[in-house]
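A short write-up of the structure that comes next.
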Amino acid sequence: MIIILRKRTLVLGFAVVALIGFILYSGHGEAHHVFNYLSTGNPIYKGDDSQPRIAFECNVVWGTEYIPAMLDILKQHNVKITFFIGGQWAEQNPELLKRMVQEGHELGNHGYSHKYHSRLNLEQNKDEIIKAEEAIERVVGVKTRLFAPPYGDFNKTTLQAAHSLGYKTIMWSIDTIDWRGDGVDSIIRRVFKNPHNGAFILMHPTEDTIKALPVIINGLQQRGYEIVRVSDLLKE
């Protein structure tokens, strides 16, 4: 009787293994897709909302002439933010990059050459991120760990590439749309339309941004918000 039971158990075990193998083989594409999805870091649109804190993120690949004034304003208000840096910009503007670090700002990765990452394959996505990381590290010795895709453009492959390199992909919950050039008042209005705990506010170095920045900082602080860097709002 014991021998019969053991045989039945053994046969059942082989059957289960064979069934699993068949499923994996016949549904290989679907299983692979699920694995990729589970192994890909999701984009982060806002941070910890348990406290009245808001992070500024500034993407930098152009507008270099406005960076010194922006840094001056941030220093005057004792505000530290996150600058997402393009790799080529880092190579071309080492002194400004050093100043950002010296004044306590956080550096993130904005790709090397400001491409649309959804149009790149996995290796091309990785290459853009790695080249930017290396360019920034060569100048200031800082290894970036946050990635903001240029144009806010990404797909599953972009997320997989960033995640595989140890990056968190950062988006935003408030967009100043300051690149549009429709005036200082428009920028301020967009920020104060819906300020909220844990918000990521996206901006760029433009003339209108420089004019709007003191008003935004003062207005948020008067509403009880602390302005911080992106990583300050990320829970591990």
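The values are calculated or read from the model by the stated rules, or taken from the named source; none is laboratory data. Nothing here was measured: the structure is a model prediction, and the numbers come from that model. Counting neighbours? That spans all protein chains shown, and the Cβs are built from the backbone with ideal geometry, glycine included.
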Within segment 117-128, identify whether any single residue is modelled with pLDDT of 95 or more, among the basic types (Lys, Arg) and touching a Pro at 6+ places or on another chain (Cβ under 8 Å), and answer yes or no. no
Flagged pairs (Cβ under 7 angstrom, 6 or more apart or on separate chains; first in segment 215-229, closer than 11 Å to Ala55 by Cα; second of a type in the set (Ser, Thr, Tyr)) are Arg229/Thr82
In this structure, does Val142 turn out to be in contact with a strand residue (DSSP E or B) (Cβ under 9 Å, 6 or more places away or on another chain) and either part of a helix (DSSP H, G or I) or outside the structural domain of Met70 (by TED's automatic domain parsing) (or both)? no
Restricting attention to segment 115-155, which residues are closer than 16 Å to Ile44 by Cβ and among the hydroxyl-bearing types (Ser, Thr, Tyr)? Thr144
Looking at segment 54-77, can you tell me whether even one residue there is of a type in the set (A, V, I, L, M, F, W, C), closer than 18 Å to Leu159 by Cα and at pLDDT 95 or above? no
Against the conditions (1) farther than 23 Å from Leu220 by Cβ; (2) more than 18 Å from the chain's Cα centre (by Cα), where does Met70 fall short? Just the number, please. (1)
Number of positions in segment 55-90 that are assigned to a helix (DSSP H, G or I) and of a type in the set (A, V, I, L, M): 7
Quick check, is Pro214 under 18 Å from Asn78 (Cβ atoms) and assigned by TED's automatic domain parsing to the domain that holds Glu128? yes
When the residues of segment 43-99 are filtered to those that are under 19 Å from Leu202 (Cβ atoms) and basic (Lys, Arg), which remaining residue is surrounded by the most Cβ atoms within 10 Å (Cβ to Cβ)? Arg53
